[in-house]
Amino acid sequence: MANLITVNDLKVHFTSKRGIFSRKTETVKAVDSISFSIPKGKTVGLVGESGSGKSTTGKAIARLVPISEGSIFYEDKLISGLTVSEFYPYRKKIQMVFQDPFGSLNPRMSIQSSISEPMLVHLKDLNANQRKEKVAYLLEKVGLSADMMDRFPHEFSGGQRQRIGIARAISADPEFIICDEPVSALDVSVQAHIINLLKDIQSEFKLTYLFVAHDLAVVEHMSDSILVMTEGKIVEQGNSEEICQNPQHPYTQKLLGAVPSI
């Protein structure tokens with residue numbers, strides 16, 4: 001199966017001063033020489049604790065943080081070396097669902113405006129009526145009513161806001177979505193509904209996912225294969241069943257041991 005995303009020896013290092021008045025700097029190796037690929041139509045789970053570098057990896061692919069070294073390919077096209085204007089077509093193809101559904105929505109924009117915004121940038125052939133019709137269609141697809149589009153983010157629950165975030169992520173017809181801790185800010189009772197929605201959306205719209213999370217149980221349910229990351233490095237990778245049934249690395253075993261038993 002062809003790969004949609006290929007990451008080779010990716011490094012993302014941040015340099016900061018040790019103190020307010022210090023001239024000395026230190027380098028934080030948020031991502032330290034990792035390589036992996038994501039096949040078309042599949043979900044790769046990236047799991048690790050806070051500070052492991054997993055979210056930074058997703059943001060590096062989406063060009064939300066600069067990379068220090070390495071290469072990122074979209075199909076067979078090197079995208080990590082593109083200028084801002086050259087990368088523009090890939091903004092449409094690569095979208096994100098963020099951890100905090102409230103923080104990722106502009107409180108002053110109606111739901112219709114929030115979901116329409118990517119269309120204004122990437123689907124310029126659509127007129128106002130066509131955009132509105134598509135917003136209504138997408139709201140129905142994520143389990144909300146079309147008559148909610150004139151409301152504002154504060155009028156919705158956390159789970160509903162994440163559904164809106166998913167609708168916005170797919171509004172520009174992307175091919176690849178980075179799900180950055182999409183359920184960790186939600187109540188446990190809501191998490192399963194959002195995960196099932198993401199799986200349904202993936203199947204219907206033929207999407208490829210990078211699913212970033214700290215909960216190995218959630219990642220197992222969502223992913224075809226899993227990458228385990230700590231201290232900026234991938235320490236174990238394999239298909240979901242292998243990783244969760246027979247973890248080899250002590251860190252993976254630690255994550256699996258933290259999963260509550262039912």
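The values are calculated or read from the model by the stated rules, or taken from the named source; none is laboratory data. Note that the structure is predicted; figures quoted are calculated from it, not measured. Every residue, glycine as well, gets a Cβ built from its backbone with ideal geometry; the counts of neighbours run over all protein chains shown. SASA here: full protein model, heavy atoms, side chains in, ligands and nucleic acids out. Shrake-Rupley method; radii C 1.70, N 1.55, O 1.52, S 1.80 Å.
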**Request:** Give the number of residues within the stretch 63-108 that are over 12 Å from Val7 (Cβ atoms) and assigned to a loop (DSSP other than H, G, I, E, B).
**Result:** 21
**Prompt:** Just for the stretch 38-57: of the residues that are at pLDDT 95 or above and open to solvent by 50 Å² or more (accessible area, probe 1.4 Å), which one is farthest from Asn239 (Cα to Cα)?
**Reply:** Lys40
**Complete:** The correct count of residues that are more than 24 Å from Lys199 (Cα to Cα), open to solvent by 50 Å² or more (accessible area, probe 1.4 Å) and assigned to a strand (DSSP E or B) in the stretch 211-262 is 1
**Message:** Residues to consider are Ala60, Ala30; find the one that is of a type in the set (A, V, I, L, M), surrounded by 21 or more Cβ atoms within 10 Å (Cβ to Cβ) and free of Cβ contacts under 8 Å to residues at least 60 places away in the same chain.
**Reply:** Ala60
